[in-house]
Every structure is written in C-alpha cells, then in structure tokens.
Amino acid sequence: MARNIQSLERAAAMLRLLAGGERRLGLSDIASSLGLAKGTAHGILRTLQQEGFVEQDDASGRYQLGAELLRLGTTYLDVHELRARALVWADDLARSSGESVYLGVLHQQGVLIVHHVFRPDDSRQVLEIGAMQPLHSTALGKVLSAYDPVAHSEALEADRKAFTDRTVCEPEDFEHILDVTRARGYAADVEETWEGVASIAAPIHDRRRMPVGSVGITGAVERLCRPDDEAALRPELIAAVRDCARAVSRDLGAGRF
C-alpha cells in the first residue's frame, strides 16, 4: 500500500484547524494543537502562505485561511451549480436535436467535459464525463476561447495540433474564427477535430455575465450539416443549441442575452 506524504497530511490538518477554530490562530496555537515543533509548523505555514492558501495578519502575526482557498472552493461550487442547472436543459436539447449533448468548462488548457447526455437512440455509446477536449478545434473550446480571456490566452499559448486537414492552427486564422464566434453567438467544428464529425456550441454565462462554460451537440456531419452543403450547419440545430445556452444562463441569474 502506498504511504501517505506526511507534509501534505500536516498541511491539510492545518487548513482544517484554521477553518474550524477561531478566525485567526498564532504559530504556538497551531503547533501545539497539531503536536508539531514550532519550526516544522512555521515551514508548512510559510509554504501555504506563498501559495495563497494561508494569510498572516501583519499586526498580530496570526494566521487565517487565504483567498486562494476561496477561489478554489468557488470554482468547485460554480462547476457543480452549472451542471445542476444544465441537467434538464441538456436532456431537452438531446431530445429535440437527436444528438449527444456535452457541457464543458475550462481546465488545464483544455475543455473538461462535466456533463454528457447520450444521443437518444439505441446505439452503443461511451460516457465521456471527465474527458478532455482541445480548445482550438472543438466547438466547446472555441466558445470558451472567444468569451473567456483566460481560455483565450491558454489557447494561444498551447500547441495547436492539426487533428485533420481542416484544423485551424495559425494564430491569425484562429483569432478570425473567434471574432466570427463572438459575432454570431456560437461556434462550429466541422471535421476539425474528428473526421466525419461536426459540433455546435454556445456560451453559458453566470449572474455576473461572466462565461462559465459551454454547451453543445456533436454528431455525424450528414446529420448536423445541410444536405446541399456539408460545410453549412442546419439552422434549426444552431437555434436549439443557442436556446439551451440561454436557458442555462438565465437559470444561473444572467438574465436575457
């Protein structure tokens, strides 16, 4: 059995102590409560402080939880609220479009799939919650890159791999696609990531009008694109995806878009 890392256990114990006790605790209080030498406790606290997980009051020298923990906690809550608010609307989109529905958020220079509704037929499908998709080629990723400044920077800094001969990799061309995405309110991926597969996605905003995710459908090119033009997506599917994104945004408090 793998052994636990003692320093991490001690750091976790300190964070729990600071979260559950008085608002601020001194070094002696922390060390004695955890049975640690002051030098050991101070070293761990200094590392946690450098990472933003702990803050030290200048006047008293006492410690409290830092803003970085609040940010991480808020991110966790935002993702779970996003998924909870999107459940019904994603099911409705799958039924109305007849395609698989994906909900994605920015994570580690990519798109993390946090919810997946199967295409409503009897075909064999694999649940893709937890899978990662690229920012630069997928519809979900382009939406995040177009509306989220952090995603935009990460997409430009990342290695934009060509998955097919239609993948857009050059910075100038990619920026043009993002401009088009913002102008029309949705993003498209027609065989840019997978041969024979097309996707449509739209942005989801929260009560602060900040982009918190993207929702989209994915399916075969012959189903998502017009029969007379394989490069043109079916307008009724575009409208359905955008309506779904607006509905989730409204439920998150964003109002009308």
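The values are calculated or read from the model by the stated rules, or taken from the named source; none is laboratory data. All values derive from a computational prediction rather than experimental measurement. In this analysis, Cβ positions are derived from the backbone assuming ideal geometry, glycine residues included, and neighbour counts consider all displayed protein chains. Each accessible area value is taken on the protein alone, full model and side chains, heavy atoms only, with ligands, DNA and RNA left out. Shrake-Rupley method; radii C 1.70, N 1.55, O 1.52, S 1.80 Å.
Could you size up the charge dipole of the chain around its Cα centre, putting +1 on the beta carbon of Lys and Arg and -1 on that of Asp and Glu, and report it in debye to the nearest 20?
Computed about the Cα centre, the dipole is about 1200 debye.
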### Query
Expressed as an acute angle from 0 to 90° and rounded to the nearest 10, what is the orientation of the C-alpha long axis of helix 67-97 relative to the principal long axis of the chain?
20
### Task
Any chance you could check the Cα centroid distance between the stretch 173-187 and the stretch 205-257 for me, in angstrom?
14
#### Entry: Within a Gaussian network of the chain (alpha carbon springs, distance under 10 Å), most fluctuating of 95, 119, 226
226
### Message
Helix-only mean residue ellipticity at 222 nm, the chain, DSSP H runs n ≥ 4 weighted -39,500 (n - 2.57), per residue, nearest 500. What is it?
### Response
-15000 deg cm²/dmol
### Query
Counting only the heavy atoms of the protein chains, how much of residue 38 is accessible to a 1.4 Å probe, in Å² to the nearest 10?
110
### Max mean-square fluctuation residue, GNM over the chain, Cα-Cα springs under 10 Å, options 201, 19, 139
19
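At 1.4 Å probe radius, can you tell me the per residue accessible area of the chain in Å²?
Roughly 54 Å² per residue, with all protein chains present.
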## Note on the structure
Among 83, 46, 246, the residue with the largest mean-square fluctuation in a Gaussian network model of the chain built from Cα contacts under 10 Å is 46
### Task
Kindly report, to the nearest 10 Å², the accessible surface of residue 27 as traced by a 1.4 Å probe over protein heavy atoms only.
50
### Query
Rounded to a whole number, what is D in µm²/s for the stretch 159-257 from Stokes-Einstein with the Kirkwood radius over alpha-carbon pairs (37 °C, 0.692 mPa s)?
228
### Task
Note down the nm distance, to one decimal, between modelled labels 7 Å out along Cα→Cβ at residue 19 and at residue 229.
5.4
### Query
Rg to Rh for the stretch 135-206: what is it, with Cα atoms only and Rh by Kirkwood?
0.93
### Summary
Over the stretch 52-186, the quotient of the Cα radius of gyration and 2.2 N^0.38 Å is 1.33
### Task
Convert 25 °C to kelvin, take the viscosity as 0.890 mPa s, use the Kirkwood radius over C-alpha pairs of the chain as Rh, and evaluate the Stokes-Einstein diffusion coefficient in µm²/s, rounded to a whole number.
119
## Note on the structure
Given Cβ charges of +1 for Lys and Arg and -1 for Asp and Glu, the option among 212, 224, 180 whose Cα lies farthest towards the positive end of the dipole of the chain is 212
## Note on the structure
Taking Cα pairs closer than 8 Å and at least 6 residues apart, the relative contact order of the chain in percent is 14
